[in-house]
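The values are calculated or read from the model by the stated rules, or taken from the named source; none is laboratory data. All values reported here derive from a predicted model rather than from experimental measurement. Neighbour counts run over all protein chains shown; Cβ positions are idealised from the backbone, glycine included. Surface areas here come from the heavy atoms of the whole protein model, side chains and all, with no ligands, DNA or RNA. Shrake-Rupley method; radii C 1.70, N 1.55, O 1.52, S 1.80 Å.
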Amino acid sequence: MATAPTIRIGISSCLLGRKVRYDGSHKRDQFATEVLEPYVEWVPVCPEVDIGLGIPRPEIRLERGADGHARLVMPSTGEDLTDRMVEYAEDRVRRLLELDLCGYILKKDSPSCGMEGVEVYDSDGVPALEGIGVFAQALLRLAPHLPVEEEGRLNDPHLRENFIARVFACCSRKERESAAAS
Ligand code: SF4
């Protein structure tokens with residue numbers, strides 16, 4: 001009997017209820033943990049824990065640098081974490097792609113995981129909703145064909161349906177490629 005293909009999806013760890021946020025809390029997402037859970041194999045990733053920031057940890061945010069680019073900064077210490085996060089993210093995403101992911105769900109608004117509209121603070125401390133999380137940037141750049149969404153956008157029925165359709169299409173394509181190669 002044929003076995004169902006594994007639908008492997010990357011996800012920001014806090015969305016699965018893991019207490020990895022800066023304040024030791026989680027952001028458990030009902031759709032992911034109750035609707036999708038029976039059908040998928042999660043690959044949870046918390047970039048901030050992975051680069052060694054610990055739990056709990058001081059808040060970090062995106063700040064507009066003198067060159068106009070957004071930097072990942074810990075305001076309480078002034079530490080610039082951008083290079084550390086970019087180096088980690090590029091390596092982690094490449095290793096994730098070896099797992100044949102069929103999709104990814106990111107945590108919205110996060111300076112690491114947010115896919116769009118993340119606060120970027122200017123030198124006066126005024127935020128503009130125009131940033132992309134540093135880990136999310138690497139994911140979107142290195143995996144341009146991977147279906148990626150944020151948990152907030154998945155509350156929209158049309159975006160949700162579209163995401164699920166793209167995940168299944170990606171999964172089917174990988175199955176065909178795998179069969180053709182064997
Ligand atoms: S949003 Fe990303 S970095 Fe922040 S706690 Fe969740 S998984 Fe970790």
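Points worth noting:
- GNM result for the chain, Cα springs below 10 Å: residue of 95, 18, 28 fluctuating most strongly: 95
- Under 13 Å, Cβ to Cβ, from residue 173 - net charge with Lys/Arg +1 and Asp/Glu -1: 0
- Between residue 6 and residue 128, full extension at 0.36 nm per residue minus the direct alpha carbon distance yields a gain of 40.0 nm.
- The residues of the chain have, on average, 54 Å² of accessible surface per residue, using a 1.4 Å probe with all protein chains present.
- Euclidean distance of C-alpha centroids, segment 67-111 and segment 129-182, integer Å: 17 Å
- The chain pair-distance distribution - Cα-Cα, 10 Å bins, rounded %: 9, 36, 34, 15, 4, 1, 0
- For the pair residue 182 and residue 160, label points projected 7 Å from Cα toward Cβ lie 3.3 nm apart.
- Residue 172-residue 145 pseudo-label distance in nm [points 7 Å out on the Cα-to-Cβ vector]: 1.6 nm
- The antiparallel fraction among DSSP beta bridges confined to the chain stands at about 45%.
- Over all other residues within a Cβ to Cβ distance under 15 Å of residue 95, the charged ones net out to -3, with Lys and Arg as +1 and Asp and Glu as -1.
- Spatial extent of segment 91-182: Rg and Dmax, with the Cα atoms as the point set, Å: 15.6, 58
- Sorting 112-122, 56-66, 152-162 by average packing, meaning the other beta carbons within 10 Å per residue, from highest down gives 112-122, 56-66, 152-162.
- The chain - percent of accessible surface contributed by carbon and sulfur, probe 1.4 Å: 49 percent
- Principal-axis tilt of helix 157-181 within the chain, Cα atoms, nearest 10 degrees: 60 degrees
- In the chain, helical runs assigned H by DSSP with n ≥ 4 each contribute -39500 (n - 2.57); averaged across all residues and rounded to the nearest 500, the mean residue ellipticity at 222 nm is -9500 deg cm²/dmol.
- Projected label distance in nm at residue 80 and residue 100, using a 7 Å step from Cα toward the beta-carbon: 4.2 nm
- Take every Cα pair under 8 Å whose residues are at least 6 apart in sequence, average their separation, divide by the length of segment 37-148, and the relative contact order is 24 percent.
- Scattering curve values for segment 53-92, log₁₀ I(q)/I(0), Debye with Cα scatterers, q = 0.25 Å⁻¹: -0.91
- Helix 82-97 and the longest principal axis of the Cα set of the chain meet at an angle near 0°.
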